[in-house]
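Contents: one structure, followed by commentary.
Just so you know, all these numbers are worked out from the coordinates, no wet-lab data involved. Given the structure is predicted, the values throughout are model-derived calculations rather than measurements. Reconstructed Cβ throughout: ideal geometry from the backbone, glycine too, with neighbour counts over all protein chains shown.
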Amino acid sequence: MNTKTSLLAAAIALSLLLGLTIYAQKQSGTRVAWEYHVWSFNSWQEATGRLNEDGNQGWELVTVTETPTTYEGGVVRSGSVTIYLKRAK
């Protein structure tokens, strides 16, 4: 098989896969409605405790952001941990 034929076969295969994926998504017809929670904490220990509590209630962790503790001009600026959660309504 030459290169052009291989590329054509790969393009056709990818197109079919994409088409089948879109078709399957349209067939399900149901969309999940989500509710969200955002929590901010001063430490990972606090965040972990909240994650354990909320996880038992069906919440899923989406992402985490962390602002580190900084020292500027002799002043300590405490960091924070923010967690983003979701669960199906």
Next on the checklist: Check which residues have an amide H placed less than 5 Å from Arg87's amide H, if you skip close sequence neighbours.
Outcome noted: Glu35, Glu60
Checklist entry - Does anyone have the angle between helix 44-55 and the longest principal axis of the chain? Alpha-carbon axes, 0 to 90°, nearest 10? => result 50 degrees
Checklist entry - If one puts a single equal scatterer on every Cα of the chain and applies the Debye formula without solvent, what log₁₀ I(q)/I(0) results at q = 0.17, 0.22, 0.24 Å⁻¹? => result -0.81, -1.02, -1.10
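On a full-extension model of 0.36 nm per residue, what is the gain between Val62 and Thr3, subtracting their alpha-carbon distance, rounded to one decimal in nm? Can you show the working numbers first?
On the way: separation 59, 0.36 × 59 = 21.24 nm, distance 4.25 nm.
Gain on extension, Val62 to Thr3, equals 17.0 nm.
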Item to check | Inter-label distance for Ser80 and Trp39, nm, one decimal - labels placed 7 Å from Cα along Cα-to-Cβ | outcome: 1.5 nm
Next on the checklist: Give me, ordered by chain and number, the residues 5 or more places off Ser43 or on other chains with an amide H under 5 Å from its own placed amide H.
Outcome noted: Val81
Checklist outcome for this item: To the nearest 10 degrees, the tilt of helix 3-28 (Cα long axis) against the first principal axis of the alpha carbons of the chain is 60 degrees
